[in-house]
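Student: After the structure tokens below, expect a handful of questions from me.
The values are calculated or read from the model by the stated rules, or taken from the named source; none is laboratory data. Note that the coordinates shown come from a computational prediction; the quantities given were computed from them, not determined experimentally. Virtual Cβ from ideal backbone geometry, glycine too; neighbours counted across all protein chains shown. These accessible areas exclude ligands, DNA and RNA; they are computed on the full protein's heavy atoms, side chains included. Shrake-Rupley method; radii C 1.70, N 1.55, O 1.52, S 1.80 Å.
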Amino acid sequence: MWNQLTTQLKDVWSRLSTPQKGMLSVAASACLLAVLGTFYWATQPDYVTLASDLSPASAAEVMSQLESKNVEYELSVSGSTVMVPRSSLAQGRMAIKDIIDPAVSESSTGFAGMPGTPTEENDQRTRALQRDIARTLEQLTGIRSATVHISRPPVSPFVSERQPTTASVMLDLIPGEPWSGGTAQSVLMLVARSVEGLRPEDITLMDTKGRMFASSSGMSGHMSSQFEHQQMIEQSLSIKAETILADLLGPGKASVRVTADIDFRETTRTETIFDPDGKIKKEESIETVSQTGGVRPSGEVGFNPNLTSDPGSGDTLGDYKKEINSTEYDHPRIDETVKDSPGTIKRLSIAAIVDLTADEDPAAAAGNTGAAATPPALTEQDVEAIIKQAVGYDEARLDGFTVAFAPMKKIVPVAAPPSLVSTFQEYEGLVDRAILALGMALAAVLGFLALRRMKPVMVENTASDGLSPEQLTQILELSERVKGSPDAAAQILSVWMGEDDEAADETAVNNAA
């Protein structure tokens with residue numbers, strides 16, 4: 001069977017042309033490479049997830065621990081997931097148990113395992129708190145990862161030597177996501193409320209590009225919020241005026257810019273207002289003294305102490321009565337406390353350019369000289385009044401206002417051609433699937449052609465023309481038996497060929513002669 005297969009393959013190969021031999025060689029090589037690749041892929045270890053949703057600092061710490069324990073690992077493309085072979089999963093978990101321990105919540109206990117010295121316990125609690133705060137910050141929109149460092153100076157018994165708790169926060173922001181000073185202030189408040197004794201002004205906030213959002217002085221974030229508030233007011237007022245003019249004159253016919261001078265001071269004043277015409281009784285007291293007979297008390301009005309009468313002489317006084325009225329009045333007053341919130345507009349400066357030229361009529365553009373241009377819908381006075389009303393112009397604030405009437409260039413928007421990188425990224429998955437399908441189709445065609453060429457070859461034999469397969473099988477079996485006993489086969493052949501009769505006739509002829 002093997003000899004027949006070899007003979008057929010050689011015969012097929014000899015009948016193929018040179019291009020067909022090349023295609024068959026390429027197909028055989030591709031199949032061999034596919035088999036070897038499948039074998040290599042099947043022998044590779046199966047990686048499973050050991051830890052996910054890691055910050056860059058945590059991922060680096062996990063990888064260092066795995067390297068120290070000689071555990072193979074792989075890092076995902078995003079860098080937030082660490083995977084190990086399935087056979088090394090238990091060893092990997094033991095290696096990072098001090099970093100990530102699902103069974104023990106470090107946020108509640110402060111440390112995992114046996115407690116150490118008080119200093120070690122405080123350090124472990126601080127590290128656990130830093131990781132908890134970082135995980136909380138990573139849940140905010142726009143933050144990819146966060147790293148938090150908390151510095152707690154040793155407690156001193158002397159108040160003059162005590163130092164405040166400080167912290168530094170580094171954020172890895174997602175490109176394209178909105179980020180504002182208000183979000184930075186929210187991060188500062190979140191970190192400050194998470195650490196006992198930490199104030200927002202003692203936190204340094206920055207991103208991985210080195211941009212400072214807040215420092216120990218606390219001025220960076222505050223000024224950023226003020227600048228954003230000013231920009232928001234200026235853009236809002238500008239858009240109001242431009243939108244109204246665009247509805248009346250058409251798009252691209254007006255450009256308005258507003259500059260706002262905003263008072264960010266926060267003041268509180270207390271006023272007390274008195275009413276001089278009004279009088280309110282505040283306090284009143286009445287004292288009455290009554291006496292019948294006896295000597296008039298000294299010190300009273302009309303009493304002379306040098307002129308005394310002898311009590312025994314019968315010179316006594318009659319009934320005596322004294323009444324004292326004391327009344328205190330107060331003027332009506334009003335106590336008023338006024339608190340001025342920051343953000344009051346002190347002054348506006350408005351600058352505008354408006355195009356009041358008439359638009360060309362389409363018929364005139366086509367060559368019809370009889371068509372007239374469309375007259376402008378507004379006058380210069382109307383435009384000035386609309387802009388002033390839209391932005392809230394106030395003469396009492398000494399607001400500045402300037403408007404220029406001039407033709408403006410028409411900007412024709414040109415659609416930017418899609419870049420090669422974006423187009424490739426958009427259709428990358430489709431291209432990969434198309435290449436895979438094309439490769440599979442080519443392999444199927446080559447395999448089909450090879451199978452067609454490998455049909456059984458019937459060896460022509462002139463001596464066996466007209467024989468059936470059963471007869472050929474019997475002949476083959478007879479051949480095998482002849483090979484086993486050649487003497488018996490010779491005798492059989494001699495009988496078939498009549499050699500014995502010919503020998504007997506020849507002997508008889510010789511004897512007669």
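Student: Examine the range 208-223 for a residue that is more than 25 Å from residue 384 (Cβ to Cβ), under 35 Å from the mean Cα position of the chain (by Cα), at pLDDT 85 or above and not charged (D, E, K, R), and state whether such a residue exists.
Tutor: Yes.
Student: Just give me the residues in the range 166-207 being at pLDDT below 85 and of a type in the set (A, V, I, L, M), in sequence order.
Tutor: Across the range 166-207, the qualifying residue is only 184.
Rundown of residues vs (1) at pLDDT below 75; (2) of a type outside the set (A, V, I, L, M, F, W, C); (3) touching a Phe, Trp or Tyr at 6+ places or on another chain (Cβ under 6 Å); (4) surrounded by fewer than 12 Cβ atoms within 10 Å (Cβ to Cβ), yes/no style:
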residue: 319; (1), (2), (3), (4): yes, yes, no, yes
residue: 325; (1), (2), (3), (4): no, yes, no, yes
residue: 331; (1), (2), (3), (4): yes, yes, yes, no
residue: 345; (1), (2), (3), (4): no, no, no, no
residue: 349; (1), (2), (3), (4): no, yes, no, no
residue: 352; (1), (2), (3), (4): no, no, no, no
residue: 359; (1), (2), (3), (4): yes, yes, no, no
residue: 364; (1), (2), (3), (4): yes, no, no, no
residue: 368; (1), (2), (3), (4): yes, yes, no, yes
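Student: If you go through the range 77-129, how many residues are closer than 15 Å to residue 58 by Cβ, surrounded by fewer than 14 Cβ atoms within 10 Å (Cβ to Cβ) and either in contact with an Asp or Glu (Cβ under 8 Å, 6 or more places away or on another chain) or at pLDDT 80 or above (or both)?
Tutor: The qualifying residues number 1.
Student: Within the set of pairs 6 or more residues apart or between chains, which connect a residue that is modelled with pLDDT of 85 or more inside the range 59-71 to a residue that is open to solvent by less than 80 Å² (accessible area, probe 1.4 Å) and among the polar types (S, T, N, Q) with Cβ atoms less than 7 Å apart?
Tutor: Between residues of the range 59-71 that are modelled with pLDDT of 85 or more and residues that are open to solvent by less than 80 Å² (accessible area, probe 1.4 Å) and among the polar types (S, T, N, Q), the close pairs are 71/88.
Student: Please enumerate the residues belonging to the range 47-58 that are surrounded by fewer than 13 Cβ atoms within 10 Å (Cβ to Cβ) and at pLDDT 85 or above.
Tutor: 49
Student: Could I ask something else about it? Do you know which residues across the range 155-195 are crowded, with 18+ Cβ neighbours inside 10 Å and touching a residue at least 60 places away in the same chain (Cβ under 8 Å)?
Tutor: Matches in the range 155-195: 195 only.
Student: Turning to a different aspect of this structure: Test each condition in (1) at pLDDT below 80; (2) in contact with a strand residue (DSSP E or B) (Cβ under 8 Å, 6 or more places away or on another chain) for residue 44 and report the one that comes out false.
Tutor: So the condition that residue 44 fails would be (2).
Student: What number of residues within the range 1-22 are over 21 Å from residue 439 (Cα atoms) and surrounded by 10 or more Cβ atoms within 10 Å (Cβ to Cβ)?
Tutor: 12
Student: Might you check whether a residue that is more than 30 Å from residue 147 (Cα to Cα) and assigned to a helix (DSSP H, G or I) occurs anywhere in the range 67-81?
Tutor: Looking through the range 67-81, none of the residues is more than 30 Å from residue 147 (Cα to Cα) and assigned to a helix (DSSP H, G or I).
Student: One residue is enough: does the range 23-46 have a residue meeting the conditions out of contact with any helix residue (DSSP H, G or I) (no Cβ under 6 Å at 6 or more places or on another chain), surrounded by 14 or more Cβ atoms within 10 Å (Cβ to Cβ) and farther than 23 Å from residue 436 by Cβ?
Tutor: no
Student: Then there is this: Only one of 36, 24 is within 45 Å of the chain's Cα centre (by Cα) and modelled with pLDDT of 80 or more; which?
Tutor: Checking each option against the conditions leaves just 36.
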